[in-house]
1. I'd like the full set of residues that are surrounded by 15 or more Cβ atoms within 10 Å (Cβ to Cβ), within 20 Å of Asn65 (Cβ to Cβ) and at pLDDT below 90, limited to the stretch 1-32.
2. Out of the residues in the stretch 93-135 that are surrounded by 24 or more Cβ atoms within 10 Å (Cβ to Cβ) and at pLDDT below 95, which is nearest to Val171 (Cα to Cα)?
3. Can you spot a residue in the stretch 246-263 that is at pLDDT 95 or above, in a loop (DSSP other than H, G, I, E, B) and outside the structural domain of Cys69 (by TED's automatic domain parsing)?
4. Among the residues of the stretch 73-117, write down those that are within 16 Å of Gly137 (Cβ to Cβ) and either touching a Gly at 6+ places or on another chain (Cβ under 7 Å) or outside any loop (DSSP other than H, G, I, E, B) (or both).
5. Of the residues Ala154, Ala220, which single one is over 26 Å from Phe80 (Cβ atoms), crowded, with 21+ Cβ neighbours inside 10 Å and modelled with pLDDT of 95 or more?
6. Check whether at least one residue in the stretch 8-22 is in contact with a Cys (Cβ under 8 Å, 6 or more places away or on another chain), among the polar types (S, T, N, Q) and either free of Cβ contacts under 8 Å to residues at least 60 places away in the same chain or part of a helix (DSSP H, G or I) (or both), and report yes or no.
7. On the given criteria, is Ala187 of a type outside the set (D, E, K, R), under 27 Å from Val96 (Cα atoms), in contact (Cβ under 8 Å) with a residue 12 or more places away in the chain and crowded, with 16+ Cβ neighbours inside 10 Å?
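The values are calculated or read from the model by the stated rules, or taken from the named source; none is laboratory data. Because the structure is predicted, anything quoted here is derived from the model rather than measured. Cβ atoms come from the backbone with ideal geometry, glycine included; neighbour counts cover every protein chain shown.
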Amino acid sequence: MQRNPVVTGRSLVVPLIGHPVAEVKTAGPMNRWLGEHQIDAVVVPMDIRPERVAGFFDVLKATENSVGCTITMPHKQAAFVAASEVSERARRAKCVNVIRRSPSGRLIGDMTDGIAMVAALERRGVGVLGRNVLIVGAGAAGTAIAHAVADEGAASLVIIEHDQMRSRALVADLARYYPQMPVFERAPPGWTIEIAMNASPAGMNPNDPLPYPVEELGDALIVADAVTAPPVTRWLTEAERRGLAIQTGEEMAFAQVPIQLQYLRLQAARPESQGRRRGERAGAVKRGAVG
């Protein structure tokens, strides 16, 4: 039987920061896991305005009973700037969504959106190795997902992004890091979509246009969305109506739980969602080495 945790002065505190945080999905599952495993820690959502977030990171450095924090929009870029060290995947995405605080107060950041998306797909029985993958969005989440998919051995990638500068920057980075994998800014003739992902905000509002035409998805193995509210976006609803398998943003969010708790060293067991190769490539990069 699960105990309701009692927070005391000995409890470890993990802020979950964003603005707003009313729709955040991961605090509940994280706290349930901590309670079930009798770990004296609590995840606390904190709504912090962008103009105040730098002050939060100063406080985090000085908070002795915090092991770090998790970060959602719009603070992922600010977290990258505030971190003393970042992982290689965070450096490539130029964003951070989880920070571990060292005993000396150093902030060590990682970006887990990409590996969480891959983990959620694996739970659905879909691997990206050798697959043609379409990703809509080249922002923080889209960049992290693109690198994770490439790292897992995708056959090819198509990046759909209305901001041409952002799109070209991501395509150039992927070409540099994964020269063996073809990367396109639009689907080439005869290219077949096997996995389609939306990593853009499209779908958060009911009047948003679809991230990608559903009729052009063909017989894709799965259509995945990173948007968590609404729980099932119109894009996913239309894809499911056409008989395609779907994966919601909540599934990606929940896949973050074991990954981030392990990163914060609140979980002893290695989560099944992280393969050896992904773990090996998550080493910290000193801030001075980041361009």
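1. Across the stretch 1-32, the qualifying residue is only Pro5.
2. Top of the filtered list is Ala93.
3. Yes, that holds for at least one residue.
4. Met73, Lys76, Gln77, Arg92, Ala93, Asp113, Gly114, Ala116, Met117
5. Residue meeting the stated conditions: Ala220.
6. no
7. No; evaluated as a whole, the condition is false for this residue.
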